[in-house]
1. Could you work out the local net charge near ALA118, counting Lys and Arg as +1, Asp and Glu as -1, over the other residues with Cβ closer than 13 Å to its Cβ?
2. Within the range 7-36, list the residues whose amide N lies under 20 Å from a label point set 7 Å along Cα→Cβ of GLN161.
3. Cα gyration tensor of the range 109-186, axes a ≥ b ≥ c as square roots of the eigenvalues: rounded (a/c below 1.5), prolate (a/b > b/c) or oblate?
4. How would you order 273-283, 18-28, 193-203 from highest to lowest mean count of nearby Cβ atoms within 10 Å?
5. With +1 on the Cβ of every Lys and Arg and -1 on the Cβ of every Asp and Glu, and nothing else charged, how large is the dipole of the chain about its Cα centre, in debye rounded to the nearest 20?
6. What nm value, rounded to one decimal, do you get for the distance between ASP253 and ALA30 when each label is placed 7 Å out toward the C-beta?
7. I'd like the FRET efficiency for VAL19 and SER299, computed as 1/(1 + (r/R0)^6) with the beta carbon distance as r and R0 of 35 Å, rounded to 0.05.
8. Per the helix-only calculation at 222 nm, which mean residue ellipticity applies to the chain, given -39500 (n - 2.57) for every DSSP H run of n ≥ 4 and division by its residues, nearest 500 deg cm²/dmol?
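Nothing in this text is a laboratory measurement; each read-out follows from the coordinates by a stated rule. Owing to the predicted nature of the structure, the values given are computational and were not obtained by experimental measurement. Note that we place each Cβ from the backbone using ideal geometry, even for glycine, and neighbour counts take in every protein chain shown.
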Amino acid sequence: MPDTPYLKLGTRTSPLAMVQAQEARARLCAAHGWVESAVELVPVIASGDKVQDRALAEIGGKALWTKELDAWLADGTIDAAVHSLKDVETVRPETLAIAAVLPRADKRDRLVGASSIAGLPQGAVVGTSAPRRAAQVLYARPDCTVVTFRGNVATRLAKLQAGDVDATFLAAAGLDRLGRDDIGHALDPAAWLPAPAQGAIAIECRAGDSAALGLLAAIDHAPTRAEVMAERALLLALGGNCHSPIAVLCDGDGDTLTMRAALFSPAGQTRVDGEARFVADDHDAPARLAADLLARAPSGITAYFAGRPA
């Protein structure tokens with residue numbers, strides 16, 4: 001047993017974040033032949049976890065999930081930070097690097113409270129704080145009403161049980177990681193696209209920390225990295241932010257990626273879709289798809305893009 005840990009991993013304190021950090025630790029220990037105590041988990045309460053009554057876009061965006069861990073990386077309190085990659089801003093400090101992306105879990109959303117979008121009751125109240133989910137459900141079911149709905153998995157399920165809403169959405173990956181794969185109905189990604197990088201866990205460290213970079217490289221999953229970095233490149237090229245309803249899914253097949261994406265107006269009145277197939281090392285392909293989507297999108301959509309990326 002080491003007297004001091006080889007790596008200190010920072011993580012948010014939510015149950016899901018802790019499970020993800022434990023997975024990262026387990027993979028590191030397996031890859032390097034370490035005992036569990038070689039990797040110390042260092043939890044922090046993120047700003048995004050402190051404010052639960054307002055939409056994330058209204059109180060600072062995705063940075064609220066990362067800023068405390070970023071500060072700890074900067075001052076050396078931790079060696080690396082574990083994140084849900086879909087919650088990490090597209091533009092990150094140059095001093096940080098995504099050193100590892102773990103194998104991607106289920107990319108789909110699950111609908112909780114009904115068996116399908118079509119099966120929602122007429123005029124259903126649906127809870128979500130994600131512009132993508134709100135726009136997609138309103139596009140498919142304009143009779144529904146969407147209300148802001150935040151909190152960790154347990155909090156949202158409790159609100160649903162209390163009758164605050166008729167239905168809500170949760171990421172299948174998060175439910176699976178919490179051992180709750182019995183909850184909800186998975187939505188077919190052919191009709192319901194997920195968020196960029198949904199289902200992926202990323203580990204960041206200081207860009208100049210060669211020791212941490214080397215240790216973390218052992219658990220980097222190249223196929224997942226190719227998919228999620230392409231999705232993040234699309235988000236960057238679109239200039240999307242926390243108010244921008246963007247849905248995208250990239251599937252890998254050998255060295256080839258197939259990307260399907262959709263942009264929406266926030267209230268779901270309009271939608272534009274696109275698809276591209278390209279080799280994984282064609283880093284310009286997502287930008288070409290983004291340009292095509294924006295060129296075909298009406299002003300009701302483009303008004304919410306081409307700003308500072310989230």
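1. After counting each charged neighbour, the total is -1.
2. 14-17
3. On the way: a/c = 1.64, a/b = 1.48, b/c = 1.11.
It comes out prolate by the Cα gyration axes.
4. Going by the mean number of other Cβ atoms within 10 Å, highest first, we get 193-203, 18-28, 273-283.
5. Dipole size: approximately 740 debye.
6. 2.8 nm
7. FRET efficiency, VAL19 to SER299: 0.25.
8. On the way: 11 runs with 105 residues, N = 310.
Computed mean residue ellipticity for the chain: -10000 deg cm²/dmol.
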